Amino acid sequence: MEQTQEKKKVIFSAIQPTGTITLGNYLGALKNWIKLQDDFNCIYALADLHAITVRQDPAKFRAHIYEAYALLLACGVDLEKSLFFIQSHVSTHAELAWVLNCYTQFGELSRMTQFKDKSAKHADNINAGLFAYPSLMAADILLYQADLVPVGADQKQHLELTRNIAERFNGIYGNVFKVPDGYIPKAGARIMSLQDSTRKMSKSDENANAYVAVLDKPEVIMKKFKRAVTDSEACVRYGEGKDGINNLMGIYSSVTGKTYDEIEKEFDGKGYGDFKTAVGEAVVEELRPIQERFNQFIKDKAYLKECYDKSADIARKISQRTLDKAMKKIGFVLK
Ligand code: TRP
């Protein structure tokens, strides 16, 4: 038992606690985080240090951290199997990030598309943290000698840079960091906006009908699905030019486990109204137990603290070993 546990590959991933967690986050990433716990040694974090690269309102930021922590526990992050901590509680992350900054080139960071996008979006606050964001992310991953990092398409470039930083460091000092691979799940659901199926479902969408939040009330979820954009063919089938229906089929499939063929048969001869109702109901049922657990956890700050403290204590020990090793190689005098 002990032995097989030790041989499990290490997975690291993190999510920023910056707002409403959507059905897109849940089906695209979090549901997978839960599944991975059976086969891997999973280390998960709330990336609160990353979140302050854009200005946060203090009261909202704090509320979002609690909310995200409670929600991920409610989704099934299991502390018997995995670690789940708050990044800022484990100071090795900020420490290694500084070190890695000195092994990351200005040119590399300038080429990051997320930096370019966010600089354009927050032109009044292009701070050094926003620029150095990827070296903090590299620190997150490399501290745990992670084998695999599940990331969405938007983070692939950062992971590639992490690999380059690790290889560069190892090239100078010998084998210090495990060079991680990306982990792209087979059935990685990419959930699109319910109002514009060419765009990813996003919590920052101005139109709240464009996304379903995991904590939306059942009647709100039903209403949003009923208003989802479709097409004029009135036939539930997967196909070109049917982005709206394709997206709804993706959601329905991901929640019920049914294949597209099965879904097409189920709704043969039926209209979009029936289909949208079925998708809405399936999502409501999927989220119901999560919402119930969330409502328990969010009230119990003492329990949440017990959970994040326990994980942070372990994470600190594991990550300190890597940090010490890296610093010693560079020539620092360790205390
Ligand atoms: N930057 C990631 C995001 O916004 C979150 C993140 C921080 C992360 N550190 C990480 C993801 C390490 C994977 C591994 O989605």
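None of the figures in this text is laboratory data; all of them are computed from the coordinates on show. Small disclaimer: the values here were computed from a predicted structure and weren't measured. Here the Cβ positions follow ideal geometry from the backbone for every residue, glycine too, while neighbour counts run over all protein chains shown.
Summary table below
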{"read-out": "Centre separation in Å (Cα based) which lies between the stretch 266-281 and the stretch 302-335", "value": "51 Å"}
{"read-out": "Surface/4 of the Cα convex hull for the stretch 241-306, nm²", "value": "6.0 nm²"}
{"read-out": "The stretch 66-172 - convex hull of the alpha-carbon atoms, volume per residue in Å³", "value": "136 Å³"}
{"read-out": "Whole-angstrom gap from the stretch 216-250 to the stretch 71-123, using each part's C-alpha centre", "value": "34 Å"}
{"read-out": "222 nm mean residue ellipticity, helices alone, for the chain (DSSP H n ≥ 4; -39,500 (n - 2.57); rounded to 500)", "value": "-17000 deg cm²/dmol"}
{"read-out": "Amide proton proximity set for K200, modelled H, under 5 Å, gap of 5+", "value": "S193"}
{"read-out": "Rounded tilt (10° steps) of 58-75 against the dominant C-alpha axis of the chain", "value": "70 degrees"}
{"read-out": "Chain lengthening between I172 and S91 when straightened (0.36 nm per residue, less Cα-Cα)", "value": "26.7 nm"}
{"read-out": "Lys, Arg +1 and Asp, Glu -1 on Cβ, resulting dipole of the stretch 278-335 about Cα centre, debye, nearest 20", "value": "780 debye"}
{"read-out": "Among L83, L130, L46: highest mean-square fluctuation, GNM of the chain, C-alpha pairs under 10 Å", "value": "L130"}
{"read-out": "Extension reserve of the L79-I318 stretch, reckoned as 0.36 nm per residue once the Cα distance is removed", "value": "84.4 nm"}
{"read-out": "When the convex hull of its Cα atoms is projected in every direction, mean area for the chain (nm²)", "value": "19.1 nm²"}
{"read-out": "32 Å Cα-Cα threshold exceeded, pairs from K178/K310; K223/K305; K217/K317; K35/K217; K8/K310; K8/K224", "value": "K223/K305; K217/K317; K8/K224"}
{"read-out": "Residue (of V214, T259, L148) at the positive-pole extreme of the chain, dipole from beta-carbon charges", "value": "L148"}
